[in-house]
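**Q** Questions regarding the structure given below will be posed in turn.
The values are calculated or read from the model by the stated rules, or taken from the named source; none is laboratory data. Everything quoted here is computed from the prediction, not taken from an experiment. Using ideal geometry, Cβ is built from the backbone for each residue, glycine included, and neighbour counts are taken over all protein chains shown. These area figures cover heavy atoms from the full protein model, side chains too; ligands, DNA and RNA do not enter into them. Shrake-Rupley method; radii C 1.70, N 1.55, O 1.52, S 1.80 Å.
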Amino acid sequence: MTNGGIPDFSMRELGDFPDFLPKSGMSPFPGLRNVPISYLLTEIRNVPFCQEVSCSTTSGSFT
Amino acid sequence: MAEGFERLPLKTFTERAYLEYSMYVILDRALPHVGDGLKPVQRRIVYAMSELGLGSLSKPKKSARTIGDVIGKFHPHGDVACYEAMVHMAQDFAYRYPLIDGQGNWGSTDDPKSFAAMRYTEARLTAYAGLLLTELAHGTVEWAPNFDGTLSEPVLLPARLPNILLNGSSGIAVGMSTDIPPHNLREVTAACIHLLRKPRATVAELCVHIQGPDFPTGAELVTPRAEILQMYETGNGSLRARATWEREGGEIVITALPFQVSGGRVLEQIAAQMHAKKLPMVEDLRDESDHENPTRLVITPRSNRVDVERLMQHLFATTDLERPYRVNLNVIGLDGRPGVRGLPELLGQWLEFRTATVRRRLEHRLRKVEERLQVLEGFLIAFLHLDAVIAIIRSEDRPKPVLMERFGLTDIQVEAILELKLRHLARLEEIKIRTEQDELAAERKSLAKTLGSKAQLNRLIRMELLADAEQHGDERRTTLIEREAAQAIDETALIASEPVTVVLSKRGWARAAKGHDVDPASLTYRSGDGLYAMARGRSNQLAVFLDSTGRTYSLSAHLLPSARGPGEPLSGRLNPPDGASFAGVLIGEPKDRWVLATDAGYGFIVKLEDLYTRNRAGKSALTVPKGASVLTPVPVPSEDDALLAAATNRGRLLIMPLAGLPELARGKGLRMLGIPAARFKAREEFVAAFAALSPQARLVIYSGQRKMSLKPSDLKAYRGERGRRGALLPRGLRNVDRLAVE
């Protein structure tokens, strides 16, 4: 399970992120690794005032 | 001539330099602006403090920080003068509505300049100062570069109330000055609202609301209402404020002093009068002022018989317990020109300023609302096509033009979308956006309506004025009571009235003996000196001295030296002409009549008050013919049929009705007794003595060792008309020395 806060990125910076957050090395979202960016965006859109995102697996299936 | 030099006549240069300096002082230093009622230094202090975050709810900061910012950023002048301006705005006894809330020693009424140095004191703005600043960020005022062009500062502050009248102002420019008294916030606001409804309102109509100036220190304004109205009409005039007092037991307690009057100074003035023995009815004087009673001066009368009202009238007339104030409503108007303005014009101009400020504020808000509405419209489109928007941003190198084209968005809208924070993606909800859109649309409608209607705009201004008056208004402190002008107690009324005998010696020394039963001849005289003349009067009267040239001089009898000593030479206190000697002394009530005469036989009746003079050099009263001498004056008896007796050195005596002599203020008079001109010229015959007597009195003639007493019936032989030669006295009595009345 990984989780991480969302830094103050703007929509403009969305274009700079990879499709899949890296398993290791630098991730733009501290604490979140090996997660597709689409998941992240869905989470953010669903939760009002979203400050933190979490997911329970690293294999590609998410809850 | 070297390049870059200009040649100018000195006249042109000095004229131009002085004119430029004058204009600078008038427009940019000494006079306040009608809009915010501030001079440039005050405006810069208030603005710099707001920039330092020194609002009314913040923690105060050292004054030195404010002053450093003010002179370093906006006002390149002396730090001391700048700090003094700041202190003034913090003193609750100097400002009716202080702009600065100071901590520490900011001076006292006794000595307003006794404040601590700026490294000790701390300050923040008051809630009232917020009225000048709240709309600053709303596009309400013009901004100008500071002195070095690195910063910008507001040209005026967007005052929500007419601070110009509330706090007043005073300043001296070149060739003009300003003196605006402070006023009450509620009254002035009410007048503004009236003027808003009725722009042609007269002074009388405005003064239904504005009673008059309202000083921070309270006290009473005693100027008649008609004069106050006249002052508001012309913008020019003067006011009088008087201390308030009450009686506590037998003592007088002064509870409020006029504006800008120091209690210490008043005490000094009263003490000086006590020291000079001009206040015998005051026994003691104390300053009991403390934290609870900022003004409490106590005067203890000598006894409970003292007329306290009369005493206070005297103190009002002679000390700073009552003082006048000049009023000159000179301000820089909306046209940028200084001018003295009446109340309607002053308030009218301020309302014009306020209307323009509110209009600018609304226009500014309208612009913001429209921009936001445009952005919201963009957000709504983005929300509806969020996946596509994200895909474009993630796939396109330059997503902006693509978004603009694909969704028909404007530059501002796309910028707002791109700047939207990721964590706020959830906010892109249709309902929320639509709610905000609805709210803003309603606001836009209301703003446009207000801006489009003068009545709506005036209504808004009126509501804001009422709200501010409710929040910041307070009760009037200065009461307005028309009172009659205070009268000082006449100095002579303060002097005890005791009988005195004024004695003049042959050499011109004077003294006053207590009582009327003194024998002046028995007093001690310096060697070679002796009694010359005496007069009996009272100590609160003026003694008049007559000199050999016919000039008179007056001195207060109570100020003459005591008869226990030899007295003082009159020449020490008076300046008679060279060679003159003193020839007589007169004392009595001012309306008493005396006969002045010369030995040439001329004389007249004079009122004593006509001989009074404050001049040390005296004043001319009796014209002395050539070769003649002044005779000792005599008082006129009270009877209408009084007689005048005049005798020559050759024994001619004439008794005539005194009514035959004219009453004059000065002059030679008329001939009393006729002496042939040649005989007088040769000094063979002259008037040796004269006396005024009542018809029942006896006349005593002294001639050497002899004397003769003439009964009223005996006098008939000598009766005659004024100017006659008179009848010869019996042999042996013709060498007349003096006449006496018994």
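**Q** Describe numerically, in nm with one decimal, the distance between label points set 7 Å from Cα along Cα→Cβ at B:D529 and at B:A391.
**A** With each label placed 7 Å out from Cα toward Cβ, I get 13.0 nm.
**Q** Please compute the per residue accessible area over the protein assembly as shown with all protein chains in place, 1.4 Å probe, rounded to a whole number of Å².
**A** On a per-residue basis, the protein assembly as shown sits at 49 Å².
**Q** A follow-up question, please. What are the ³J(HN,Hα) couplings of the range B:501-516, residue after residue, when phi is run through the Karplus curve with 6.51, -1.76, 1.60 and θ = phi - 60°? Round to Hz, x for glycine and proline.
**A** The phi angles translate into 10, 8, 10, 10, 8, 4, 8, x, 9, 10, 7, 10, 9, 6, x, 9 Hz.
**Q** For helix B:308-318, what angle does its Cα long axis make with the longest principal axis of chain B, in degrees from 0 to 90 and rounded to 10?
**A** Computed tilt is about 80 degrees.
**Q** What FRET efficiency do you get for B:H424 and B:A356 if R0 is 41 Å and r is their Cβ-Cβ distance, rounded to the nearest 0.05? Before the final figure, lay out the partial values.
**A** On the way: r = 38 Å, r/R0 = 0.93.
Between B:H424 and B:A356 the formula returns 0.60.
**Q** Greater than 25 Å separation of Cα atoms is the criterion. Which listed pairs, B:K39/B:K73; B:K198/B:K368; B:K39/B:K454; B:K39/B:K61; B:K421/B:K449, meet it? Before the final figure, lay out each step's value.
**A** Numbers: B:K39/B:K73 17 Å; B:K198/B:K368 33 Å; B:K39/B:K454 31 Å; B:K39/B:K61 23 Å; B:K421/B:K449 35 Å.
Flagged as over cut-off: B:K198/B:K368; B:K39/B:K454; B:K421/B:K449.
**Q** Let me ask something additional. Averaged over peptide A:14-20, how many Cβ atoms belonging to another chain are found within 10 Å of each residue's Cβ? Could the numbers behind the result be given before it?
**A** Numbers: counts 10, 10, 2, 2, 1, 1, 0.
The per-residue average across the peptide is 4.
**Q** Top to bottom by accessible area (1.4 Å), largest first, where do B:K62, B:K11, B:K400 land? Before the final figure, lay out the partial values.
**A** Details: B:K62 80, B:K11 140, B:K400 50 Å².
Largest to smallest exposure gives the sequence B:K11, B:K62, B:K400.
**Q** Given the peptides B:242-254, B:351-363, arrange them by the average over their residues of other C-beta atoms within 10 Å, most packed first.
**A** On the way: B:242-254: 16.5, B:351-363: 18.5.
Listed from highest to lowest mean packing, they are B:351-363, B:242-254.
**Q** Further question on the same structure: Any idea how far apart B:D28 and B:I412 come out in nm if each label point goes 7 Å out from Cα toward Cβ?
**A** 3.7 nm
**Q** Given the rule -39500 (n - 2.57) for each run of at least 4 DSSP H residues, summed and divided by the residues of the protein assembly as shown, what is its mean residue ellipticity at 222 nm, to the nearest 500 deg cm²/dmol?
**A** On the way: 21 runs with 241 residues, N = 805.
Helices in the protein assembly as shown give a 222 nm mean residue ellipticity of -9000 deg cm²/dmol.
**Q** Kindly rank B:295-307, B:138-150, B:616-628 from highest to lowest mean number of other beta carbons found within 10 Å of each residue. Show your work: numbers first, answer last.
**A** On the way: B:295-307: 15.3, B:138-150: 12.8, B:616-628: 16.9.
Averaged packing, sorted descending, gives the order B:616-628, B:295-307, B:138-150.
**Q** From the phi of every residue in the range B:26-42, what ³J(HN,Hα) in whole Hz does the Karplus formula 6.51 cos²θ - 1.76 cosθ + 1.60 yield, where θ is phi - 60° and glycine or proline is x?
**A** 5, 8, 10, 8, 9, 10, x, 8, 4, x, 10, x, 10, 8, x, 5, 5
**Q** Run the accessible area of the protein assembly as shown with a 1.4 Å probe and give the carbon-and-sulfur part as a rounded percent. Can you show the working numbers first?
**A** On the way: 19780 of 39230 Å².
Carbon and sulfur together cover 50 percent of it.
**Q** Follow-up question, since we're still on this one. Using a Cα-Cα cut-off of under 28 Å, which lysines could be cross-linked to B:K626, ignoring same-chain neighbours fewer than 8 residues away?
**A** Straight-distance partners of B:K626: B:K506, B:K607, B:K668, B:K681.
**Q** Report, to the nearest 10°, how far helix B:185-197 tilts away from the longest principal axis of the Cα atoms in chain B, using its own Cα long axis and a range of 0 to 90°.
**A** For helix B:185-197, the angle is close to 70 degrees.
**Q** Let me ask something else about it. Name the long-range amide H neighbours of B:A689: under 5 Å, sequence gap of 5 or more, or other chain; modelled H, no Pro or chain starts.
**A** B:A647
**Q** Assuming 0.36 nm per residue, please report the length gained on full extension of the stretch B:A144 to B:R724 beyond their Cα-Cα distance. Can you show the working numbers first?
**A** On the way: separation 580, 0.36 × 580 = 208.80 nm, distance 9.79 nm.
Gain on stretching B:A144 to B:R724: 199.0 nm.
**Q** Net charge within 13 Å of B:D110 by Cβ-Cβ distance, Lys/Arg positive one each and Asp/Glu negative one each, not counting B:D110 itself? Each step should come with its number before you reach the end.
**A** On the way: positive: B:K113, B:R265, B:R296; negative: B:D111, B:E268, B:D287, B:D290, B:D320.
It works out to a net charge of -2.
**Q** Hey, if we sort B:Y83, B:Y525 by accessible area with the 1.4 Å probe, largest down, what's the order?
**A** Values: B:Y83 10, B:Y525 50 Å².
The ranking, largest first, comes out as B:Y525, B:Y83.
**Q** With θ set to phi - 60°, apply the Karplus curve 6.51 cos²θ - 1.76 cosθ + 1.60 along the range B:122-136 and write out the HN-Hα couplings as whole Hz, x wherever there is a Gly or Pro.
**A** Values, residue by residue: 10, 8, 9, 7, 8, 5, 4, 4, x, 4, 8, 10, 4, 9, 4 Hz.
**Q** With a 1.4 Å probe on protein heavy atoms only, work out how much accessible surface A and B bury together, total over both chains, in Å² to the nearest 100.
**A** Working: alone 4440 and 36770 Å², together 39230 Å².
Separately minus together, A and B give about 2000 Å² buried.
**Q** Shielding by partners for B:388-396, please: the mean number of other protein chain Cβ atoms within 10 Å of each residue's Cβ.
**A** 3
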